[in-house]
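The values are calculated or read from the model by the stated rules, or taken from the named source; none is laboratory data. Predicted model, so just to flag it, every value in this text is computed and none were measured. No Cβ is skipped: glycine too gets one built from the backbone with ideal geometry, and neighbour counts run over all protein chains shown. Side chains included, ligands, DNA and RNA excluded: accessible areas come from the protein's heavy atoms. Shrake-Rupley method; radii C 1.70, N 1.55, O 1.52, S 1.80 Å.
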Amino acid sequence: MGTLQGKTVLITSGGTLEKWDRVRGHTNLSKGTMGCYLAEAALAAGANVVYMHGYFAQLPVNHDQMKLIRFEGIEDLGEKVRHAVQQEHVDIVIMAAAGSDWVIDKVYDQSGNLMEEAGKMPSDEPPIIHFKKAPKVLGQIKGWQPNVTLVGFKLEATDDEEFLLARARLRMETAHAQLMVANSSQSLYGGDEPHWIVPADGLPMKVMGKQKTAEALMIYLQHQ
């Protein structure tokens, strides 16, 4: 019996899908691998697992023993996380999903006319798309539910460990999270890249690979 017995752990996983029209959109390279490892480790520790996954994300092997919630864009993800932490008893939130930085603002044709058609964009000429900055869901969670234990992820395109950890600590402070997991964008292309578990107090712990990081994080949470 795991020491997360009786706890509910919400894990977000995979990439967001920002729709341009009913058939097109942009996403990212996240497949939800880390989220799957986290969900399996939480389940093995005895937790009730809520697996909130992106449109193209993988599902954990034992997903039939979890509550599954699918999201599309970053705003949909935020609304579903808000509902879960306010309406259900969630003890721990692990934000492993790769959220969009940009969402669609307005779309114009090549003549500069605003396209407000909700269906499929014409395919005979490329549209001109204006983006706006996406909301940061991680930074809103403690405002929605101050009592949850919050774990965030910080991905940076860098090999500079000191810079990566500094960015993770800054994100942790602004989001009022208890823990951050920091990793390089190289981890998108393999399962054995280094990750750092960064606590609000104490030294970061370096772990090699997604699966070992998920298991180490869950052990850490069992002792909180």
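Here are the numbers for the structure shown:
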read-out	value
Conditions (1) out of contact with any Lys or Arg (no Cβ under 8 Å at 6 or more places or on another chain); (2) open to solvent by 40 Å² or more (accessible area, probe 1.4 Å): number failed by D101	(1)
Residues that are part of a loop (DSSP other than H, G, I, E, B) and closer than 15 Å to E75 by Cα, drawn from region 123-147	A134, P135, K136, V137
Selected residue (criterion: surrounded by the fewest Cβ atoms within 10 Å (Cβ to Cβ)) from residues of region 8-27 that are closer than 21 Å to Q211 by Cα and not small (G, A, S)	T8
Residues satisfying the stated conditions in region 67-81, i.e. under 7 Å from V137 (Cβ atoms) and hydrophobic (A, V, I, L, M, F, W, C)	I74, L77, V81
One residue from K120, K154, K133, K210 being more than 28 Å from A84 (Cα to Cα) and of a type in the set (K, R)	K120
Any hit, region 73-81, residues being within 16 Å of the chain's Cα centre (by Cα), under 23 Å from S184 (Cβ atoms), surrounded by fewer than 22 Cβ atoms within 10 Å (Cβ to Cβ) and at pLDDT 90 or above	no
Any hit, region 199-210, residues being in contact (Cβ under 8 Å) with a residue 60 or more places away in the chain, open to solvent by 30 Å² or more (accessible area, probe 1.4 Å), within 18 Å of the chain's Cα centre (by Cα) and under 19 Å from A97 (Cα atoms)	no
Unique residue being among the small types (G, A, S), assigned to a loop (DSSP other than H, G, I, E, B) and open to solvent by 40 Å² or more (accessible area, probe 1.4 Å) when the list is G46, G112	G112
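Let's see how each residue does on (1) out of contact with any helix residue (DSSP H, G or I) (no Cβ under 8 Å at 6 or more places or on another chain); (2) at positive phi:
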residue: P122; (1), (2): yes, no
residue: I128; (1), (2): yes, no
residue: F131; (1), (2): yes, no
residue: L138; (1), (2): no, no
residue: V148; (1), (2): no, no
residue: A157; (1), (2): no, no
residue: H176; (1), (2): no, yes
residue: I197; (1), (2): no, no
residue: D201; (1), (2): yes, no
